[in-house]
Amino acid sequence: MNERLKVLFLCTGNSCRSQMAEGFCRHLKYVGIECFSAGIQKHGLNRLAVKVMDEIGIDISNHFSKTVDEIDEEDFDYVVTVCDHANENCPYFPAKTGIIHRGFDDPPRLAENAATEEEVLVHYRRVRDEIRDFVMKLPEALNG
């Protein structure tokens, strides 16, 4: 019997926020949690998400964008929706699956009017840090 909780971070396109959440969860190596990420759609891995995670020593460059259907063989204990769109359009999961919503701003949308890459990265870093803070509290949130 697998004692580890299986947690899926779900976003719209599995390009940025859900990838960062999975990266943090894997980096923190929680003993009782196995992490995955997916999207309602596939938008490809966001290069700036990779960049801001690399800035803090977490390599997500080997991650790839995937949909829930591509990992449907997994039986998740929890699904964490990290954006409002994914929360509103969350696919069906078995009744035993806990759904947690913690929406984060969309860095590409926040950065639409930024004039330089450095201005863009400010938004990515803020959201990255908010996701980090959430994931660091994840074991207590799931067990509490």
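Could you give the angle, 0 to 90 degrees to the nearest 10, between helix 117-136's Cα long axis and the longest principal axis of the Cα atoms of the chain?
Compared with the principal axis, the helix lies near 20 degrees.
Of MET20, MET53, how do they rank once you tally other Cβ atoms within 10 Å and put the fewest first?
Ascending Cβ contact count within 10 Å gives the list MET53, MET20.
Let me check against my output: what whole-number percent is the relative contact order of the range 5-143, with C-alpha pairs under 8 Å and at least 6 apart?
28
Counting pairs of Cα atoms in the range 1-60, how many percent are more than 13 Å apart?
Of the Cα pairs, 59 percent sit more than 13 Å apart.
Distance check, please: which entries in LYS6/LYS66; LYS66/LYS137; LYS66/LYS96 exceed 20 angstrom between their Cα atoms?
Cα-Cα > 20 Å for LYS66/LYS137; LYS66/LYS96; rest within.
To the nearest 20 debye, what charge dipole does the chain have about its Cα centre, counting +1 at the Cβ of each Lys and Arg and -1 at the Cβ of each Asp and Glu?
The dipole of the chain has a size of about 180 debye.
Suppose every K and R has +1 on its Cβ and every D and E has -1 on its Cβ; what is the size of the dipole of the range 1-43 about the Cα centre, in Debye to the nearest 20?
Using only the charged Cβ atoms, the result is roughly 80 debye.
Straight-line reach from LYS51: which aspartates and glutamates fall under 17 Å, measuring Cα to Cα and dropping same-chain residues less than 8 apart?
Straight-line reach from LYS51, under 17 Å: GLU22, ASP59, ASP106, GLU117, GLU118, GLU119, ASP129, GLU130.
Taking the beta-carbon count within 10 Å as an exposure proxy, list ARG17, ARG125 from fewest neighbours to most. Don't skip to the answer; put the middle values down first.
Numbers: ARG17 31, ARG125 16.
Taking fewest neighbouring Cβ atoms as first place, the list is ARG125, ARG17.
Could you work out [θ]222 nm for the chain from helices alone, using -39500 (n - 2.57) per DSSP H run of at least four and dividing by all its residues? Round to the nearest 500 deg cm²/dmol. Mind showing how you got there, number by number?
Values: 6 runs with 56 residues, N = 144.
Result for the chain: -11000 deg cm²/dmol, rounded to the nearest 500.
Please give the Cα centre distance for the range 17-56 versus the range 91-144, rounded to the nearest Å.
Taking the Cα centre of the range 91-144 as reference, the centre of the range 17-56 is 10 Å away.
Just to confirm the filter: which GluC sites (Glu not before Pro) across the range 1-96 are DSSP coil and have at most 14 other Cβ within 10 angstrom of their Cβ? Could you put the intermediate results ahead of the total?
Numbers: sites: GLU3, GLU22, GLU34, GLU55, GLU70, GLU73, GLU74, GLU88; in loops: GLU3, GLU73, GLU74.
Listed in order of number, the matching sites are GLU3, GLU73, GLU74.
Of the listed values (i) 21, 21, 13; (ii) 25, 16, 13; (iii) 32, 17, 12, identify the label whose number matches semi-axes √(5λ) of the Cα gyration tensor in Å calculated from this model.
Here semi-axes √(5λ) of the Cα gyration tensor in Å agrees with entry (ii).
Every number here is computed from the coordinates shown, using simple stated rules; none is lab data. Fair warning: this is a prediction, and the values are worked out from it, not measured in the lab. Every residue, glycine among them, receives a Cβ derived from its backbone with ideal geometry; neighbour counts consider all protein chains shown.
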